[in-house]
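Please treat every number below as a calculation from the coordinates, not as lab data. The model shown is predicted, which means the values in this text are computed figures rather than measured ones. Glycine gets a Cβ as well: all are built from the backbone with ideal geometry, and neighbour counts include every protein chain shown.
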């Protein structure tokens, strides 16, 4: 063998490998399904970006709503306290008791009944009727479960 023939064979092998790699890459790009695949990948990426933007907008909306609702609650408390102070200062002793202090959320039992056109309306009750006092109410976590399915008593406080 001649000394140049080894180099020629080596260049031919390298050229063949480079040609195969380039042919594979270009073949993948021009294959019938590859364009559709790229379009679907781009569409998926666009949809994911839109979803992230939507989630950010929803989070921002509810954060702003919570802030505004909290401010509204504080303003309502301020107005209520102003009216209570005015009732104490300006009304007879019996009339000023209509404004009770706003400490925290009222229970349905504490909520005043409202009478409109001879119809007495009460705040909704947070319990359901039950057959006996020992039986859990419909809203209780253990309602309708067998003893082995019921959560342990220490895990949660039953709501009757």
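What the table shows:
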item: Difference of contour (0.36 nm per residue) and Cα-Cα distance, residue 8 to residue 75; result: 15.1 nm
item: Gained length - residue 26 relative to residue 61, 0.36 nm times residue gap less alpha-carbon distance; result: 7.8 nm
item: Computed lengthening from residue 16 to residue 91, 0.36 nm per intervening residue step minus Cα-Cα distance; result: 16.7 nm
item: Ranked 132, 5, 34, criterion: other C-beta atoms within 10 Å, fewest first; result: 132, 5, 34
